[in-house]
Amino acid sequence: MAKLCPLLDQRRLREAFGEVTVAQEQTRTVSGAEVMTCGLSAGHLPDGLVFSVIAEVVPGEGREMFEGLRQVQMNEGPVVDVDGPGTAAYTYVDELTGTHLVTYDGDLYLSLAAVPLRIGAALPRGVSDHLTHLASSVLSGLRR
């Protein structure tokens, strides 16, 4: 099974926030799906961020997961379709869990989030660009 954290291109995060550390990484198989998670912290209080990346390889179901969970999110609040990584992608902002980017490509369903280290802090400009860059690096790494 692949590990997710080594696939993440962290250079832009280091340039923007300084230190980047892997806070958590896990790979497991659940009901025939390979699930990989990686948590990164970038920077320090008060301006640092936590990035969460979840990649699920579900044979024949990447698009179905994407569309189904997109519908659920649309019922909770606005989603914005974006060009970028994967076959299709969207972003949304949740007051508690930060800015999210969700995409899929073939059997891969990918969900990324960024949240401030300090509760209640505003996210810096360009967070969506960081999420897009991380997603692109995962897609590129898993295609090898």
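Bear in mind that the values in this text are calculations on the coordinates, not laboratory data. Values in this document were obtained by computation on a predicted structure and should not be read as measured data. Reconstructed Cβ throughout: ideal geometry from the backbone, glycine too, with neighbour counts over all protein chains shown.
A compact table of results
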{"item": "Selected from Phe51, Phe66, Phe17 as most flexible by GNM, with the chain as the system and alpha-carbon contacts under 10 Å", "result": "Phe17"}
{"item": "Peptides 71-81, 101-111 ordered by average Cβ neighbours within 10 Å, highest first", "result": "101-111, 71-81"}
{"item": "Projected area, mean over directions - the range 17-77, Cα convex hull, nm²", "result": "5.8"}
{"item": "Separation of alpha-carbon centers, the range 20-90 and the range 128-144, rounded to whole Å", "result": "11"}
{"item": "Degrees separating the helix 127-143 axis from the principal Cα axis of the chain, which is the longest one", "result": "40"}
{"item": "Per-pair calculated FRET efficiency, R0 = 41 Å: Val79 and Thr27 via Cβ, rounded to 0.05", "result": "0.90"}
{"item": "Under 5 Å, built H, 5+ apart or other chain: amide partners of Val82", "result": "Ala89, Tyr90, Thr91"}
{"item": "Computed P(r) (all Cα pairs; the chain; 10 Å bins; percent)", "result": "12, 44, 36, 9, 0"}
